[in-house]
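Engineer: This structure is in C-alpha cells; I'll ask about it shortly.
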Amino acid sequence: MHFFKLIFSAVLAVAAIAVMAKPAEPRICVLGSCSGTEPMPNRHHTAWTLEIDGRVYLFDAGENAAYTAHISGIDLTRLHAIFISHPHLDHNAGLPHVFTVRNKLKARYKKPLAKHPLPIFTPLPKQVNAAIELFSPYKGNNGMFDVKEVAAGIIFDDGTVKVEALPNFHIRPGADKKHYSYSYRIYAAGKKIVFSGDYRYLNHLGKLLDDCDVLLIETGHHKPWLTAETIRKTPAWNVRRLIFVHHGRDYLNNPAETARKTLKTWGKTPEFANDGMFIGL
C-alpha cells in the first residue's frame, strides 16, 4: 500500500509540474475580472498576468490572484515583477497570498525562484511593505523583495518586457502632489499592451492609445459602450483590440444588453473578460 501511495504522489507531482510548464506563445491570463464590489459568483477582484519566454509578470493582485493563477497552470515561481496600479484593496489585497503560494511552490517542487529579490512597483510602497509583513511577520523583507515607487515614464525594462507608467487621476494627488494611481503601457513580443487600471477621464490615457495592440480597460467607473464610442471616434487613437476588465454594475447586472450596446458603438464584437480567460498575443 505504501508503494502505491508513493507512486500516486509522484504522478501528482509530475502532473502539477506539467500543468505549470511554460506556454509556447506569449499570453495574458485574466486572474480577476471584477471591480471592487461585494463578492460576485465566479469573479474575483482585478489581476492579470503576462507570460512570455518562460517569465511571468503580474499586474495588480486582487484577493484571489494566486489561486486563479495556480489552477490556470501559471507557475508563480517564475514571477519576474509585480506592478500595482493604485492602493485600493480590490487591486492589491491578494499580495500576501501571492507571496505565500510562490514560496510554497518553491518548497513543494524544489524549484528555485526565477527572480530574487522580486521587483514590486507600486505608487504606495508602505502598503506593499505592510503586505510583506503579513506574509513574513518574523523575517520581514529579508532581501526577498525590492519595492519601488512608481513615477511617470519608463519604470521597468529587463530586455523582455518594458513598462511605462502614466498618472491617470483616479485618485487625486494630495497635498504632497504625488500621484497614487497609474495606467501602464507594456512593450512585449513586438506588441503594445495598455492596462488602464482605474482612471478618471479617458483623455488622460490619450498618450497611451495612439498605437495600442491590446487595451485592457476598466468598466467599473465607466459605461463600456461610451468608452468604445469615444475610442472609435478619436482620430489620434489607434486601438486594435479592446478588452473590458474590472467589470462594474452595467456588465455584471446586464451582460447581454451591455454587450449589445457596445457592439453598436465599437462596430465589432466587444470582448469582456472572465476569470481564467487566456488572451493570446
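The values are calculated or read from the model by the stated rules, or taken from the named source; none is laboratory data. Computed from a predicted model, the values in this text were never measured in an experiment. Positions of Cβ are generated from backbone atoms using ideal geometry, with glycine treated the same way; all protein chains shown enter the neighbour counts. For accessibility, only protein heavy atoms count, side chains too; no ligands or nucleic acids. Shrake-Rupley method; radii C 1.70, N 1.55, O 1.52, S 1.80 Å.
Engineer: Determine whether Lys106 is open to solvent by 30 Å² or more (accessible area, probe 1.4 Å), touching a residue at least 12 places away in the same chain (Cβ under 8 Å), touching a strand residue (DSSP E or B) at 6+ places or on another chain (Cβ under 6 Å) and farther than 23 Å from His247 by Cα.
Structural biologist: Criteria not met by Lys106.
Engineer: Related question: Inside the stretch 109-127, can you point out the residues that are touching a residue at least 24 places away in the same chain (Cβ under 8 Å) and open to solvent by 60 Å² or more (accessible area, probe 1.4 Å)?
Structural biologist: If the condition is that a residue be touching a residue at least 24 places away in the same chain (Cβ under 8 Å) and open to solvent by 60 Å² or more (accessible area, probe 1.4 Å), then Pro112, Lys115, His116 are the ones that fit.
Engineer: Name the residues in the stretch 45-62 that are over 12 Å from the mean Cα position of the chain (by Cα) and outside any strand (DSSP E or B), would you?
Structural biologist: Asp53, Gly54
Engineer: Which residue is nearest to Leu50 (Cα to Cα), if the candidates are limited to the stretch 163-186 and must be aromatic (Phe, Trp, Tyr) and open to solvent by 30 Å² or more (accessible area, probe 1.4 Å)?
Structural biologist: Tyr180
Engineer: Hey, another quick one. Being within 17 Å of Ala81 (Cα to Cα) and open to solvent by less than 80 Å² (accessible area, probe 1.4 Å) is the filter here; which residues of the stretch 128-149 pass it?
Structural biologist: Selection gives Val128, Asn129, Ala131, Ile132, Asn141, Gly143, Met144, Phe145, Asp146, Val147, Lys148.
Engineer: Within the stretch 150-161, can you find the residues that are touching a strand residue (DSSP E or B) at 6+ places or on another chain (Cβ under 7 Å) and either acidic (Asp, Glu) or surrounded by 15 or more Cβ atoms within 10 Å (Cβ to Cβ) (or both)?
Structural biologist: Answer for the stretch 150-161, where residues must be touching a strand residue (DSSP E or B) at 6+ places or on another chain (Cβ under 7 Å) and either acidic (Asp, Glu) or surrounded by 15 or more Cβ atoms within 10 Å (Cβ to Cβ) (or both): Val150, Ile155, Phe156, Asp158, Thr160, Val161.
Engineer: Name the strands (runs of 3 or more DSSP E) wholly within the stretch 187-281 that hold at least 3 residues that are open to solvent by less than 10 Å² (accessible area, probe 1.4 Å)?
Structural biologist: Output list reads 191-195, 214-218, 242-245.
Engineer: Would you confirm whether any residue within the stretch 40-47 is surrounded by fewer than 24 Cβ atoms within 10 Å (Cβ to Cβ) and free of Cβ contacts under 8 Å to residues at least 12 places away in the same chain?
Structural biologist: yes
Engineer: Let me ask another. What tally of residues in the stretch 65-86 results from selecting those that are over 14 Å from the mean Cα position of the chain (by Cα), open to solvent by less than 10 Å² (accessible area, probe 1.4 Å) and closer than 18 Å to Phe145 by Cβ?
Structural biologist: Looking only at that region, the number is 1.
Engineer: Among the residues of the stretch 84-94, is there at least one that is outside any helix (DSSP H, G or I), at pLDDT 95 or above and more than 16 Å from Val128 (Cβ to Cβ)?
Structural biologist: no
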